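A short write-up of the structure that comes next.
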Amino acid sequence: MVLDAPRTPLRRADLPEPQPGPGTVLVKVSACGVCRTDLHVLDGELRRPKLPLVLGHQIVGETVEDGRRVGVPWLGWTDGECRYCLAGIENLCDRARFTGYDLDGGYAEYAVADERYCFPVPDGFSDVDAAPLLCAGLIGYRALRLAGDGERLGLYGYGAAAHIVAQVALHEGRRVFAFTRPGDAEGQEFARGLGAAWAGSSSETPPEELDAAIIFAPVGALVPAALAAVRKAGTVVCAGIHMSDIPSFPYELLWEERVLRSVANLTRRDGEEFLSLAARIGVRTEIQTFPLEDANEALERLRNGRIRGAAVLDLRGSNGEP
């Protein structure tokens, strides 16, 4: 499925099988998660994609050469020599290239990936169940680490990332407070079913002061709301790659040593740590699957908030067994 230009539907196309070069592997794709980042690329909000482009950066498949099951994430290549890479924050590499943005991704039967950025997929996850771990899970995990160790955690936007990170937070003994779109009773019930101590609208004040909050929804107006909900010295983490403009807010919301920060991309260490943890504690992803040819429908359902958990393109036509 090919994106020819921003704000146009993906086009089904027969492409030649991509050829791997030095340091890369050819992956036969079995599943690919559908991410809000894909929508930002499609809508032209991320402005420098390679075009034409195959979207998709939550890829699970097998290497053609030796049959290893691997996961391919958003971060697809780094130079390994810039000051950020040398400091252990390769996620900020100035020359980084991203899967499904600078590099063709997984909305296709085959993809080429840098072998350095292919993660082994733990046993216990089917291909479609594993796909959301590779971005929703990884970014949620990095955001959780940057949010600190506070007990009372707010999650704004309860979709693919939040429903995964909530399971990690609960395993760590935290209490989760889930915020959804106003009127989303189904989403609030979903959050409570996964153990949230409270679930309500993003326009509501939580029943307790929060120690930290993570904003997954790409809505700038949630930033002052989250700052108002966290305690003194609390942290608000913006976990998306794009967000609407943040409105002006009084300094007193930030005062008293509250921290506002963003999360960008992921590191290989994040991937290794999170995938190991997910297998160990039994993270389970709630998914809705679509055939590859229905990628446009999956994206539109995600845009309209009509996905419970995560959307995944199933290129094998069935979920298979773990």
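Residue 237 meets each of the listed conditions (1) crowded, with 20+ Cβ neighbours inside 10 Å; (2) farther than 22 Å from residue 106 by Cα; (3) out of contact with any strand residue (DSSP E or B) (no Cβ under 9 Å at 6 or more places or on another chain) apart from (3). Being over 24 Å from residue 302 (Cα atoms), assigned to a loop (DSSP other than H, G, I, E, B) and in contact with a helix residue (DSSP H, G or I) (Cβ under 9 Å, 6 or more places away or on another chain) is the filter here; which residues of segment 175-214 pass it? Residues satisfying the conditions are 205, 206, 209.
Residue-by-condition table, conditions (1) in contact (Cβ under 8 Å) with a residue 60 or more places away in the chain; (2) under 21 Å from residue 140 (Cα atoms); (3) not basic (Lys, Arg):
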| site | (1), (2), (3) |
| --- | --- |
| 199 | no, yes, yes |
| 203 | no, no, yes |
| 209 | no, no, yes |
| 213 | yes, yes, yes |
| 216 | yes, yes, yes |
| 221 | no, yes, yes |
| 224 | no, yes, yes |
| 236 | no, yes, yes |
| 243 | no, yes, yes |
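Of the residues making up segment 57-70, not a single one is surrounded by fewer than 16 Cβ atoms within 10 Å (Cβ to Cβ), of a type in the set (S, T, N, Q), touching a residue at least 40 places away in the same chain (Cβ under 8 Å) and more than 21 Å from residue 291 (Cβ to Cβ). The residue pairs whose first member lies in segment 266-285 and is at negative phi and part of a helix (DSSP H, G or I), whose second member is hydroxyl-bearing (Ser, Thr, Tyr) and surrounded by fewer than 22 Cβ atoms within 10 Å (Cβ to Cβ), and whose beta carbons are closer than 8 Å, counting only pairs six or more residues apart or on different chains, do not exist in this structure. Just so you know, in segment 6-20 the residues that are exposed (fewer than 10 other Cβ atoms within 10 Å of the Cβ) and touching a residue at least 12 places away in the same chain (Cβ under 8 Å) include one that is farthest from residue 78 (Cα to Cα), and it is 7. One residue is enough: does segment 226-249 have a residue meeting the conditions within 29 Å of residue 75 (Cα to Cα), under 24 Å from the mean Cα position of the chain (by Cα), part of a helix (DSSP H, G or I) and not assigned by TED's automatic domain parsing to the domain that holds residue 310? Within segment 226-249 (the criterion being within 29 Å of residue 75 (Cα to Cα), under 24 Å from the mean Cα position of the chain (by Cα), part of a helix (DSSP H, G or I) and not assigned by TED's automatic domain parsing to the domain that holds residue 310), the answer is yes, since at least one residue qualifies. Of the residues examined, residue 310 is one that is in the same structural domain as residue 57 (by TED's automatic domain parsing), small (Gly, Ala, Ser) and crowded, with 20+ Cβ neighbours inside 10 Å. All of 130, 169, 162 fail the test of being without any contact (Cβ under 8 Å) to a residue 40 or more places away in the chain, crowded, with 21+ Cβ neighbours inside 10 Å and assigned to a helix (DSSP H, G or I), apart from 169.
In a residue-by-residue description of segment 296-305, the property of being more than 20 Å from residue 71 (Cβ to Cβ), part of a loop (DSSP other than H, G, I, E, B) and at pLDDT below 95 applies to at least one position. Within segment 76-95, the set of residues being surrounded by 13 or more Cβ atoms within 10 Å (Cβ to Cβ) and either hydroxyl-bearing (Ser, Thr, Tyr) or closer than 13 Å to residue 116 by Cα (or both) comprises 76, 77, 78, 79, 84, 90.
The values are calculated or read from the model by the stated rules, or taken from the named source; none is laboratory data. Not measured: the values here are computed from a predicted model. All Cβ positions, even for glycine, are placed from backbone atoms using ideal geometry, and neighbour counts span all protein chains on display.
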